Amino acid sequence: MVHSIKWPNEKKMAVLLTFDVDAETAHVADPHNINRPSVLSMGTYGRRVGLNRILEVLRKYDIKSTFFVPGATAELDPTVLERIMKHDHAIGHHGYLHKRSDILTVEEEEAELVKGIDVLKKYTGKSPIGYRAPLWEMHARTPALLKKYGFVYDSSLQADDIPYVIEGGDGTLLEIPGTWLLDDWEQFAFSGDWSMPFQIEEPDKVFRLWKAEFDALYEEGRCFNLTMHPQLIGRASRIALLDKLIAYMKTKQGVWFTTGDELARHWQKNELEFDYIPNPDPTILFPNVNDMNLVKN
């Protein structure tokens, strides 16, 4: 039996349209891309062209969304945050240089987190309350680090298709889970490089894929959390796909288009109740895990 959830104002389901504004940081975190302007320019397209198309579609449908922005993106092009804030969208933390937390030392991860916070606070006037780990790869220590620096929610894990609560050191965090099924990177990312071996899919195929998942989640009254990147979904034929998908979702009664920040505020006010799901302890699941060199300090 699938656990049911009661959304605010008798809504049937929640929809979050979220965007990771990686820009050049999607590639520059890998040192071998530093001197590859063609690869980096894909990110440039996202912040210069794709982002504007996204904002226009959201304005058309009067939808507020969540934009996860690396600190280096904001420093490279402060107009990214200016354009997003102009439309009152939520802004979350997405690392500083889009580095995977699971391969950093504790000192390196904390430095990345703090630097990203400082940059976002400089340009937005406030500290972010939401976090999404670059590549969705966090370390087991990351939730406690997020709690230490005042975050309320994370959107990096995949243990459910409704939000749930995770341990965060001395407290808890709201987890707004995603899935590769609802991520445009898996569908559209491509480079003439072994490090990005994806196939470019047709927008119609992706529309059918995402619509099928939306319909199924709608029937169960759950949460549709779609992750997109301006350099991918912001291409002309793909923004038309997003427009078509939003138009379809708008035909359904009781769909609550919300943001990560808004969802977290409802949770903080005890207006929404979610299950607690502990992260698995690999030393219990796999007693010999340390001998296999799978655990990083």
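Karplus-based coupling profile of the range 267-281, in residue order and whole Hz: 5, 4, 8, 6, 8, 9, 10, 10, 5, 8, 10, x, 5, x, 8, with θ = phi - 60° in 6.51 cos²θ - 1.76 cosθ + 1.60 and x standing for Gly or Pro. Multiplying the residue separation of Val106 and Trp180 by 0.36 nm and subtracting their alpha-carbon distance yields 24.0 nm. Computed from label points 7 Å out along Cα-Cβ, the spacing between Ala144 and Asp281 is 1.3 nm. The candidate values were [x] 26, 26, 20; [y] 42, 24, 14; [z] 28, 21, 19; the one computed from these coordinates for semi-axes √(5λ) of the Cα gyration tensor in Å carries the label [x]. Rounded to the nearest Hz, the phi-derived 3J(HN,Hα) couplings of the range 115-128 under the Karplus curve 6.51 cos²θ - 1.76 cosθ + 1.60 (θ = phi - 60°) are 5, x, 4, 4, 5, 5, 5, 4, 8, 9, x, 8, 7, x, where x marks glycine and proline.
For the range 84-145 versus the range 159-234, the inter-centroid distance based on Cα atoms is 19 Å. Of Lys205/Lys244; Lys64/Lys148; Lys64/Lys250; Lys211/Lys250; Lys211/Lys252, which pairs sit farther than 18 Å apart, going by alpha carbon to alpha carbon? As for pairs spanning more than 18 Å Cα to Cα, those are Lys64/Lys148. When Rg and Dmax are taken over the Cα atoms of the range 118-261, they come to 16.9, 46 Å.
More than 19 Å apart: what percent of Cα pairs in the range 34-167 qualify? Cα-Cα pairs of the range 34-167 separated by over 19 Å account for 52 percent. Backbone phi angles across the range 55-72, fed through the Karplus curve with coefficients 6.51, -1.76 and 1.60 (θ = phi - 60°), yield HN-Hα couplings of 4, 5, 5, 5, 5, 4, 9, 6, 10, 9, 10, 10, 10, 8, 10, x, x, 5 Hz in residue order; Gly and Pro are listed as x.
All of the numbers you see were taken from the coordinates with simple rules; none came from a lab. Here the structure is a predicted model, which is why all the values come from computation and not from measurement. All Cβ positions, even for glycine, are placed from backbone atoms using ideal geometry, and neighbour counts span all protein chains on display.
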